[in-house]
Amino acid sequence: MALRYDAGEVITAMVTPFNSKREIDYNKAEELTKYLISHGSDAVLVAGTTGEGPTLTFEEEIELLSTVKRAAANKTKVIMNAGSNSTETAVKTAKLAEKEDVDAILSVVPYYNKPNQAGIIEHFSAIAEAVSNVPIILYNIPGRTGVNMLPETVAQLAKKYSNIIAVKQSYGDMDAVTEMKLCCPEDFSIYSGDDSLTLPMMSLGARGVVSVASHIFGSEIKSMIRNYKTGEFLAAINMHKKLYPAFKKLFMAPNPVPVKAVLAHKGIIDEYLRRPLVELSDKEKSELFKVVDKI
């Protein structure tokens, strides 16, 4: 069965480049988009957690989206973060994304206020009904939100709304992935939200990954996924094993601190972060670069 919408296999949760004044460097954002396209990204996600979305204004998000769309030039899909712990704000952001003609939106389970499953359904229903022509990827990350969206909740939403097309599952519960595959529509996609869980989740039927490591190893991750899907299982496992140390080191500090350090190390963007995030120490950078440079 054809997917209700195909966002591809490797979605890069793109960092937001800043200059020394911690203003968005739109020229670097354009360059980075083109770089990611040439290194295996099927789609880029703008203004997510990796893009330091919580520190961006609405105006910055829209200008960043416009910049990335222009750089993408229809060569890759552009997805915008439209999540909030306020349903009204999430709907407003989704409508802004719709006006900017995004390919899809990603929307996280409301954080901090910890709704129950009925509240989660009400939240995503409001978004789905407000932008009925925009594909929506649900985002389940209980470590940040404080609440776990259950497989039956995902299934209920996926069955009711044809524009709810996928879930990003940042939670290492393999039983939950199996349960979603059993109870969700066949044309609904599951994406790993953690690079190190990509191959394990794919063995249970996941479509691909919303990745941080693809900033650095996009072609390798794409190769791992392609090898798995064409039955070259040993090659896929070997690539997973090769990349695994980097997958873990890229989360040695809050995301996107390590990946920005590596991108700066490779001369792709500057390292600047917006507070409250702070740059790695020289010792931490040394440890990180030693692992990444071996691959």
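The values are calculated or read from the model by the stated rules, or taken from the named source; none is laboratory data. Note that the coordinates shown come from a computational prediction; the quantities given were computed from them, not determined experimentally. We place every Cβ from the backbone using ideal geometry, glycine too, and count neighbours over all the protein chains shown.
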In the stretch 258-270, the residues that are free of Cβ contacts under 8 Å to residues at least 60 places away in the same chain and either in contact with a His (Cβ under 9 Å, 6 or more places away or on another chain) or not basic (K, R) (or both): P258, A261, V262, A264, H265, G267
Top-ranked residue of the stretch 208-245 - restricted to ones that are closer than 24 Å to L106 by Cβ and among the small types (G, A, S), ranked as farthest from the chain's Cα centre (by Cα): S219
Residue ranges of helices (runs of 4 or more DSSP H) in the stretch 222-295 with at least 1 members touching a Pro at 6+ places or on another chain (Cβ under 7 Å), among the β-branched types (V, I, T) and crowded, with 16+ Cβ neighbours inside 10 Å: 282-292
Of the criteria (1) among the hydroxyl-bearing types (S, T, Y); (2) over 18 Å from the mean Cα position of the chain (by Cα); (3) buried (at least 22 other Cβ atoms within 10 Å of the Cβ), which one Y112 fails: (3)
Every residue from the stretch 90-118 that is within 19 Å of N163 (Cα to Cα) and in a helix (DSSP H, G or I): A90, V91, K92, T93, A94, K95, L96, A97, E98, K99
Residue among S20, S41 that is part of a loop (DSSP other than H, G, I, E, B), of a type in the set (S, T, Y) and under 22 Å from I165 (Cβ atoms): S41
Neighbours by Cβ (under 7 Å, 6+ apart or cross-chain): first from the stretch 271-284, under 20 Å from E23 (Cα atoms) and of a type in the set (F, W, Y); second in a loop (DSSP other than H, G, I, E, B) and modelled with pLDDT of 95 or more: Y272/N19; Y272/S20; Y272/R22
Answer from S41, S84, S107, S132 - the residue that is touching a residue at least 60 places away in the same chain (Cβ under 8 Å) and of a type in the set (S, T, N, Q): S41
Single match in A253, A264, A235 (criterion: within 21 Å of P200 (Cα to Cα) and modelled with pLDDT of 95 or more): A235
Residue that is at pLDDT 95 or above and surrounded by fewer than 16 Cβ atoms within 10 Å (Cβ to Cβ), where the choices are E88, E100: E88
Top-ranked residue of the stretch 126-176 - restricted to ones that are within 21 Å of A94 (Cα to Cα), among the polar types (S, T, N, Q) and under 19 Å from the mean Cα position of the chain (by Cα), ranked as surrounded by the most Cβ atoms within 10 Å (Cβ to Cβ): Q169
From K21, K28, K75, residue being under 25 Å from E279 (Cβ atoms) and in contact (Cβ under 8 Å) with a residue 24 or more places away in the chain: K28
2 or more residues charged (D, E, K, R): qualifying helices (runs of 4 or more DSSP H) within the stretch 120-214: 151-160, 174-183
